[in-house]
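> The following block contains the structure, expressed as structure tokens.
The values are calculated or read from the model by the stated rules, or taken from the named source; none is laboratory data. Everything numeric in this text was worked out from a predicted model, so none of it was measured. Cβ sites come from the backbone with ideal geometry, for glycine too, and all protein chains shown count toward neighbours. Note: accessible area is taken over every heavy atom of the protein model, side chains too, but ligands, DNA and RNA are not part of it. Shrake-Rupley method; radii C 1.70, N 1.55, O 1.52, S 1.80 Å.
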Amino acid sequence: MLGNSFTFFCDMPGMLADLLGAEVVHHTRGGAHLAEHLNPGTELGARTQAALRDERWDYVVLQEYSTGPIRSPERFRQSVRALCGQIRENGAVPVLYATWAFKKGGKKLAESGLDYEEMFRALYEAYHAAAEENGALIADVGKRFYEQADQDGLYASDDYHPSPEGSRLAAKELAATILRHEREGRIR
């Protein structure tokens with residue numbers, strides 16, 4: 001799993017490993033963009049590049065910085081394209097972990113200058129376009145959060161990170177995406 005705090009909060013990789021009955025390794029750093037995973041000059045990038053070059057994976061999950069697909073769409077597309085290429089060269093299947101809009105009515109959303117519908121729609125469209133352009137699987141966690149926006153419990157007290165329940169929802173959606181791909185036997 002390549003990402004940031006939305007990926008590692010509440011030990012979501014451990015939850016995913018339990019659901020899949022598989023080893024889940026994560027290369028994450030709070031605030032990281034996918035572009036950092038391409039840069040061997042950073043500690044995170046060097047680890048990711050070595051892992052994609054020297055180890056074998058079945059699936060590699062990609063998660064961008066929370067507003068990255070909206071604020072830096074070209075950098076997001078370029079990073080997804082480059083990483084998907086490396087993942088395929090490794091023999092693995094890329095999975096985009098589409099994240100969520102900040103909590104509806106929350107302080108963090110107000111600070112972003114976006115409204116809830118606008119942020120959800122922009123993230124949804126950016127992740128789906130990137131998945132389509134790169135033939136990647138998509139774990140549409142953001143849509144699941146959107147469908148449950150009026151329920152409490154998905155967000156941590158900061159109104160943007162996932163709570164334990166939100167991390168469980170993310171892990172379940174990622175596992176369902178991977179298991180569905182396994183069942184259907186599709187090779188991408």
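> Measure nothing but the geometry: give the 0 to 90° angle between the long axis through the Cα atoms of 164-184 and the longest principal axis through the Cα atoms of the chain, rounded to 10°.
40 degrees
> State the antiparallel share, in %, of DSSP beta bridges confined to the range 34-188, rounding to the nearest 5.
Values: 1 of 8 bridges.
Antiparallel bridges: around 10 percent, rounded to the nearest 5.
> How large is the accessible surface per residue of the chain, computed with a 1.4 Å probe and reported in Å² as a whole number?
Each residue of the chain exposes 47 Å² on average to a 1.4 Å probe.
> Sticking with this structure for a sec: Considering every Cα-Cα pair within the range 1-148, what fraction, in whole percent, is farther apart than 26 Å?
On the way: 2269 of 10878 pairs.
Tail fraction, whole percent: 21.
> Same structure, new question: Hey, if you put +1 on the Cβ of every Lys and Arg and -1 on every Asp and Glu Cβ in the chain, which of His26, Ser157, Gly14 ends up farthest toward the positive end of that dipole?
With unit charges placed on the Cβ atoms, the residue in question is His26.
> For Lys108, put the label point 7 Å out on the Cα→Cβ axis and report which residues of the range 2-30 keep their amide N under 14 Å from it.
Correct set: 4-10, 30.
> In addition: Taking 41 Å as R0, compute the FRET efficiency from the Cβ-Cβ separation of Asp150 and Arg183 and round it to 0.05. Before the final figure, lay out each step's value.
Details: r = 32 Å, r/R0 = 0.78.
Once the sixth-power term is evaluated, E becomes 0.80.
> Pulled fully out, how much extra length does the chain show between Asp159 and Glu43, if you take 0.36 nm times their separation in residues and subtract their Cα-Cα distance? Each step should come with its number before you reach the end.
On the way: separation 116, 0.36 × 116 = 41.76 nm, distance 2.90 nm.
Length gained, Asp159 through Glu43: 38.9 nm.
> With each pseudo-label sitting 7 Å past Cα toward Cβ, what's the Ala82-Glu117 distance in nm, one decimal?
Calculated label separation equals 3.7 nm.
> With the Cα gyration tensor of the range 144-188 in hand, convert its eigenvalues to equivalent ellipsoid semi-axes via √(5λ) and list them largest first in whole Å.
Values: eigenvalues 150, 19, 11 Å².
The three semi-axes for the range 144-188 are 27, 10, 8 Å.
> Rounded to the nearest 10 degrees, what's the angle between the helix 73-89 long axis and the longest principal axis of the chain, both from Cα atoms, 0 to 90?
Here the helix axis deviates by roughly 30 degrees.
> To continue, here is another question. How big is the gap, in Å, between the Cα center of the range 142-171 and the Cα center of the range 13-51?
22 Å
> If you fit an axis through the alpha-carbon atoms of helix 116-134 and take the longest principal axis of the Cα set of the chain, what angle between them do you get, 0 to 90°, nearest 10?
Rounded to the nearest ten degrees, it is 10.
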